[in-house]
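The values are calculated or read from the model by the stated rules, or taken from the named source; none is laboratory data. Nothing here was measured: the structure is a model prediction, and the numbers come from that model. Positions of Cβ are generated from backbone atoms using ideal geometry, with glycine treated the same way; all protein chains shown enter the neighbour counts. Areas reflect the complete protein model, heavy atoms only, side chains present, ligands, DNA and RNA absent. Shrake-Rupley method; radii C 1.70, N 1.55, O 1.52, S 1.80 Å.
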Amino acid sequence: MKKCKQLTVEICVGTSCHLLGSEDLFESLKRLPRKIQDAVDIQGVNCLQSCGKGPNVRINGLILTDVTPEQLLRVIETNFYCEKESI
Amino acid sequence: MAQVTEVGKIRRRVLAEMARMTYEGTLQEKIDDILETVVTEQGPRYRCCVHKERAVLKERIKISLSQSLDLSLKEAAANALSGEIVGLPIVNVLPEACDRCPIDKFIVTDACRNCVAHHCINSCPKGAIMVVQDRAYIDKTKCVECGMCKRSCHYGAILEISRPCERACDVKAIHAGKDRKATIDETKCVSCGACRIACPFGAIVDRSMVVQVIERMKTDKVVAMLAPAFIGQFGVKLKTGQVIEAIKQLGFAEVYEASFGADIVAVEEANEFIETKDDRSFMTNSCCPAFADMVGKHLSALADRVSTTVSPMVATGKVIKRKDPEAVVVFIGPCIAKKGEGLRNKEFIDYVLTFEEVAAMMVGKRINAAEVTASEYTSMASRDGNSFAKAGGVMQAVLDTVQMTAPEVVVKAHHAEGLGNCKIALLQMKAGKIDANFFEGMACEGGCVGGPATLTDVRVTSKFVENYAATSVAKVAPENEPAMDERKKVVDFHQHHA
Ligand code: SF4
Ligand code: SF4
Ligand code: FES
């Protein structure tokens, strides 16, 4: 069985981040390849305490600010990997 | 709404900062700080230098205060705080920000074969075309941008390129002036906001009354009226009761839904339709101000087809003022054109804000709607009244009402979205090419849920509005008893022209 790294992506849906485009971030995740989508746990959070610098995202505990859809996809793709098939 | 662009983020940050300072009472003293907090020394930079960036920002702030560009920021702030609103157009081009998009309207491409017939040279009324290096060449100093050459070329080798703002404007109200800066012809503009969305430089700005409203809330009873498109706008995960509470926390004493007035409008329009159907070949809605304005300014021969019934905004304003003449009424919607309609109906509508501006006010007052405790909330309107937010909704509401009150009357309805499409449809209806006697026109694609100041995707909110409308107890407008009751009390819901 191939094991892939689990990523938890929390997108802030608080008013400040919503106003600055967090909805676009959710939308952009649909462009990820299927196998990555399956390994990513996407959640909405109410605030990441960095309002005003949004839209903000927390990936496996690390907070990223002023994230664009392109940046988000790139960060997920570079942090995603699967272990080699074990025998 | 299209994606939130960098330009959109700047606009929204400015509004949020203005709101924060107004709530905190520091606008007058600190307004110049916005220049530094929104445009920082480290960037990102979109224009040549930080000075240019700040010069643009200054203009943006002044228009957002509804003040003249000639004032200093401090003077503009003082005027806005005292409630003043100058007679600016609703949609303005910022002179500093317009890039004068250096576009040569007609360019000769590689497809030019330097053919023997050279129709281009023959067609040009100004003798602006010559052959240079085996190819047609347009002398820009003589070209008057008439487009004859483009039409004449059998190879299609001449391209027409237009500025984004010009292309977006379906009523051809925006053009490059002599200095190549965009200028809006007020006699043609219907304040739809399409150019504001289209300009990649953020050079087009609608005036705002955020500061005036916040100040007013410090002394008066201010009532909010939400356009039916509000569902889902402040975040798709929010409960309606959370939105209502968050709006109250901004300082609004009460919250109404404009869809309450929409139920009254549906009945008034249905009656008007029944009474006048023999006198005119068709009737149109009047609720979309950009659409109604387009008919008035560009298709005046059809002006008498527009219903005399007031919009749901004005109808609800009349209801609120009947109950409490002292109440200050603020309409909150997805729409820029409503800002103009509000000014034309000052008696019933004191201010018009957009969803974007109201969300910025929440940010400024540090209200996070996602963390607000929801109150119990049920809609004040029928299913049909709530559906005014979506394209086809007004048409359906009028159809259902006629069916209920006068089933023998035949309504053949047709609808269109987007000003250009509306115009085409109207001309076809006028020529008798479309078999319909009622027409719904919406300036925005998707209806108001696709308005220029929305915060959530049009398809998503369209679905949300549908689900919300399904929760209404009353299905069709005449079943909304409180609204029908108010309809009797207010009596007059029509616009009377001289
Ligand atoms: S009609 Fe609309 S697109 Fe044209 S100039 Fe006015 S606001 Fe801009
Ligand atoms: S469709 Fe709605 S949002 Fe768009 S201009 Fe008309 S009233 Fe305004
Ligand atoms: S609202 Fe997103 S960080 Fe606070």
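Structure notes:
- Check on residue B:360, touching a residue at least 60 places away in the same chain (Cβ under 8 Å), within 14 Å of chain A (Cβ to nearest Cβ) and assigned to a helix (DSSP H, G or I): yes
- Boolean, residue B:371 is within 23 Å of residue B:263 (Cβ to Cβ), charged (D, E, K, R) and either free of Cβ contacts under 8 Å to residues at least 60 places away in the same chain or open to solvent by 50 Å² or more (accessible area, probe 1.4 Å) (or both): no
- Residues in the range B:436-464 that are on the phi > 0 side of the Ramachandran plot and open to solvent by 10 Å² or more (accessible area, probe 1.4 Å): B:446 only.
- If the condition is being assigned to a loop (DSSP other than H, G, I, E, B) and either more than 14 Å from chain B (Cβ to nearest Cβ) or modelled with pLDDT under 90 (or both), then the range A:32-48 contributes A:32, A:33.
- Within the range B:382-392, the set of residues being open to solvent by less than 20 Å² (accessible area, probe 1.4 Å) and more than 16 Å from ligand 2 (Cβ to nearest atom) comprises B:382, B:384.
- A single entry from B:327, B:303, B:337 fulfils the requirement of being of a type in the set (Gly, Ala, Ser) and either within 14 Å of another protein chain (Cβ to nearest Cβ) or within 16 Å of ligand 1 (Cβ to nearest atom) (or both): B:337.
- Annotation note: of B:11, B:54, the sole residue that is part of a helix (DSSP H, G or I) and either among the acidic types (Asp, Glu) or within 14 Å of chain A (Cβ to nearest Cβ) (or both) is B:11.
- Top-ranked residue of the range B:345-363 - restricted to ones that are hydrophobic (A, V, I, L, M, F, W, C) and within 16 Å of the chain's Cα centre (by Cα), ranked as farthest from residue B:215 (Cα to Cα): B:355
- None of B:195, B:189 is open to solvent by less than 30 Å² (accessible area, probe 1.4 Å), in a loop (DSSP other than H, G, I, E, B) and within 16 Å of ligand 2 (Cβ to nearest atom) except B:189.
- Matching residues, the range A:52-68, being more than 11 Å from chain B (Cβ to nearest Cβ) and surrounded by fewer than 18 Cβ atoms within 10 Å (Cβ to Cβ): A:58, A:60, A:61, A:62, A:63, A:64, A:65
- Some residue of the range B:395-412 being free of Cβ contacts under 8 Å to residues at least 24 places away in the same chain, surrounded by fewer than 24 Cβ atoms within 10 Å (Cβ to Cβ) and in contact with a strand residue (DSSP E or B) (Cβ under 9 Å, 6 or more places away or on another chain): yes
- Within the range A:46-67, the set of residues being β-branched (Val, Ile, Thr), under 19 Å from residue B:235 (Cβ atoms) and free of Cβ contacts under 8 Å to residues at least 40 places away in the same chain comprises A:65 only.
- Residues of the range B:127-146 that turn out to be surrounded by fewer than 13 Cβ atoms within 10 Å (Cβ to Cβ) and more than 39 Å from the chain's Cα centre (by Cα), as a count: 4
- Only residues that are farther than 16 Å from residue B:378 by Cα and of a type outside the set (Lys, Arg) were counted in the range B:225-245, giving 4.
- Between B:214, B:264, B:274, B:247, the distinction of being among the aliphatic types (A, V, I, L, M), surrounded by fewer than 20 Cβ atoms within 10 Å (Cβ to Cβ) and in a helix (DSSP H, G or I) belongs to B:274 only.
- Residue within the range B:86-99 that is more than 24 Å from residue B:343 (Cβ to Cβ), in contact with a strand residue (DSSP E or B) (Cβ under 7 Å, 6 or more places away or on another chain) and either assigned to a loop (DSSP other than H, G, I, E, B) or of a type outside the set (S, T, N, Q) (or both) present: yes
- For the residues B:117, B:136, the requirement of being small (Gly, Ala, Ser), more than 25 Å from residue B:163 (Cα to Cα) and touching a residue at least 12 places away in the same chain (Cβ under 8 Å) singles out B:117.
Yes or no, residue by residue, for (1) farther than 24 Å from residue B:355 by Cα; (2) within 9 Å of chain B (Cβ to nearest Cβ); (3) at pLDDT below 90; (4) surrounded by fewer than 17 Cβ atoms within 10 Å (Cβ to Cβ):
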position: A:2; (1), (2), (3), (4): yes, no, yes, yes
position: A:5; (1), (2), (3), (4): yes, no, yes, yes
position: A:16; (1), (2), (3), (4): no, yes, no, no
position: A:22; (1), (2), (3), (4): no, yes, no, no
position: A:50; (1), (2), (3), (4): no, no, no, no
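- Any hit, the range B:422-429, residues being of a type in the set (Val, Ile, Thr), outside any loop (DSSP other than H, G, I, E, B) and more than 22 Å from residue B:310 (Cα to Cα): yes
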